[in-house]
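These notes are about the structure you will find just below.
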């Protein structure tokens, strides 16, 4: 696949160098579908064209790159935001805006290629998930392979950093995605027990008191097929207790 890119930078030389580097990329390739010198031009372009990624500078006249990134989050179709800047001090703020990557000038070809590969993986996962939702499977890209994991085998989904751990009785997988989106799509199968965890309703066997070194005294659920227990937040405790009671467990 070729990644469709919009380059946003008020310096023509910087844009030209980035366009040349993108043209040198392979596996995946990149297609520069547009250029913009400021945020207003970028937003106008995106209203009429579909892109996979926006590579943007931070320091620009008018609306800067950070403000533009905030605006891009409101688009109907999300795009990957990658900052390309000479200044490293904005990295933390950039990632708070959920930027996919942060490249410092002068950009190296290898670094740009790695960024495109990241976009490709995310795009393939999104398309595969869209295709397979009706089949009740999760499609997971792992170490260059594609794994199709039936939802009926999944015991829990747990958000950790930028990834989701998908746990079956046999093993764990790593999935890139949104826990909230999975909760919405599979509400009939999974219940939220904590801000970072969903469990399969059918797999819940017991609710028990539990001491956690970080959170202190609380509650945890025990699932069928694994020894591990998962913490239950106070907010979700009543719902989990009701589920256990209905299942005749606990």
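Numerical summary
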| read-out | value |
| --- | --- |
| Segment 114-138, subset at pLDDT 85 or above and in contact with a helix residue (DSSP H, G or I) (Cβ under 9 Å, 6 or more places away or on another chain), residue surrounded by the fewest Cβ atoms within 10 Å (Cβ to Cβ) | 137 |
| Identity of the residue in segment 80-96, surrounded by 18 or more Cβ atoms within 10 Å (Cβ to Cβ) and free of Cβ contacts under 8 Å to residues at least 60 places away in the same chain, that ends up nearest to residue 123 (Cα to Cα) | 80 |
| Residues of segment 172-194 satisfying the condition of being in a strand (DSSP E or B) and either in contact (Cβ under 8 Å) with a residue 60 or more places away in the chain or surrounded by fewer than 16 Cβ atoms within 10 Å (Cβ to Cβ) (or both) | 172, 174 |
| Residue check, residue 64 in contact (Cβ under 8 Å) with a residue 60 or more places away in the chain and surrounded by 14 or more Cβ atoms within 10 Å (Cβ to Cβ) | no |
| Matching residues in segment 212-224 - criterion: being in contact (Cβ under 8 Å) with a residue 24 or more places away in the chain and surrounded by 14 or more Cβ atoms within 10 Å (Cβ to Cβ) | 221, 223 |
| Counted residues, segment 143-171 - those being part of a strand (DSSP E or B) and in contact with a strand residue (DSSP E or B) (Cβ under 8 Å, 6 or more places away or on another chain) | 17 |
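The values are calculated or read from the model by the stated rules, or taken from the named source; none is laboratory data. Just so you know, these numbers come straight off a predicted model, no measurement behind them. No Cβ is skipped: glycine too gets one built from the backbone with ideal geometry, and neighbour counts run over all protein chains shown.
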